[in-house]
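Reading through the structure tokens given below for one structure.
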Amino acid sequence: MSYLLSKRLIDLRKLLVDGAHLVKDSIRLGRAGGGYLTCYSLRSPFDATSTAADVTTGIDLAGKTALVTGCNSGIGYETMRVLALRGAHVLGTARTMEKGQEACASVEGRCTPIVLDLSDFQSVVACGNQVVGMEASLDMLICNAGVLYPDYPRKNGLELHFLTNHLGHYLLTRRLLSIVLAAPQGRVVTLGSS
């Protein structure tokens, strides 16, 4: 269980979602003279069986714009689907326009497909320019796309896993950071898995 020191409690209360609550715990310090440290743990009504739709119930994202990389499968698809369902305009990226169009057409809500091959810096720059050219702020940049190759292939002298999962997302974030910062509460979310 994660604990936050009591001086962080004020910041934490601003972030609480309905249904979540704080539990006060005392932990014995391991130092001479003893003593107690007051900590708070955040308990959530959600668990491993909760879906994205469960967690976002009642949230209205109308007027928000999100970019989700890797929207055509897995977590990226589900993220795009639920954000669009809750009213956000989702810019869904995929390596090909066909994959992006198919994914965007299959969800309820407003989705715009954009081509993005994170292993190709020119594609990342083109995607960044296209999004910046829309002249809107970006409320959420969700860096989700990823690859895993067991044989460590290379592209342009760089290991493809590192190029796609890290360098491509880094370059995309740098290209879009100004419009994320222009949003009232712009956020960059980076996902990883094993």
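The values are calculated or read from the model by the stated rules, or taken from the named source; none is laboratory data. In this text the structure is predicted, and so the values were computed from the model without any measurement. We place every Cβ from the backbone using ideal geometry, glycine too, and count neighbours over all the protein chains shown. To get the accessible areas, we keep the full protein, side chains included, count just its heavy atoms, and leave off ligands, DNA and RNA. Shrake-Rupley method; radii C 1.70, N 1.55, O 1.52, S 1.80 Å.
Quick look at the values:
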{"quantity": "Check on G70, of a type outside the set (F, W, Y) and in contact (Cβ under 8 Å) with a residue 12 or more places away in the chain", "calculated": "yes"}
{"quantity": "Number of the condition not met by L42 [criteria: (1) hydrophobic (A, V, I, L, M, F, W, C); (2) out of contact with any Lys or Arg (no Cβ under 8 Å at 6 or more places or on another chain); (3) modelled with pLDDT of 90 or more]", "calculated": "(3)"}
{"quantity": "Failed condition for E108, given (1) surrounded by 11 or more Cβ atoms within 10 Å (Cβ to Cβ); (2) modelled with pLDDT of 95 or more", "calculated": "(1)"}
{"quantity": "Conditions (1) within 26 Å of P184 (Cα to Cα); (2) modelled with pLDDT of 95 or more; (3) not hydrophobic (A, V, I, L, M, F, W, C): number failed by G100", "calculated": "(1)"}
{"quantity": "Selection from segment 75-103 of residues that are more than 18 Å from L172 (Cβ to Cβ), part of a helix (DSSP H, G or I) and out of contact with any strand residue (DSSP E or B) (no Cβ under 7 Å at 6 or more places or on another chain)", "calculated": "Y77, E78, R81, V82, L85, E98, E102"}
{"quantity": "Qualifying residue in segment 55-70 (condition: loosely packed, with under 14 Cβ neighbours inside 10 Å, within 19 Å of T112 (Cα to Cα) and either of a type in the set (A, V, I, L, M, F, W, C) or touching a strand residue (DSSP E or B) at 6+ places or on another chain (Cβ under 8 Å) (or both))", "calculated": "yes"}
{"quantity": "Residue within segment 104-115 that is farther than 28 Å from G157 by Cα, in a strand (DSSP E or B) and among the aliphatic types (A, V, I, L, M) present", "calculated": "no"}
{"quantity": "Selection count where residues are more than 17 Å from Y170 (Cβ to Cβ) and either assigned to a loop (DSSP other than H, G, I, E, B) or touching a residue at least 24 places away in the same chain (Cβ under 8 Å) (or both), scope segment 134-154", "calculated": "12"}
{"quantity": "Set A145, A182, A103: member being open to solvent by 50 Å² or more (accessible area, probe 1.4 Å) and of a type in the set (G, A, S)", "calculated": "A182"}
{"quantity": "Residue count for segment 148-177, restricted to those that are open to solvent by 40 Å² or more (accessible area, probe 1.4 Å) and under 17 Å from the mean Cα position of the chain (by Cα)", "calculated": "7"}
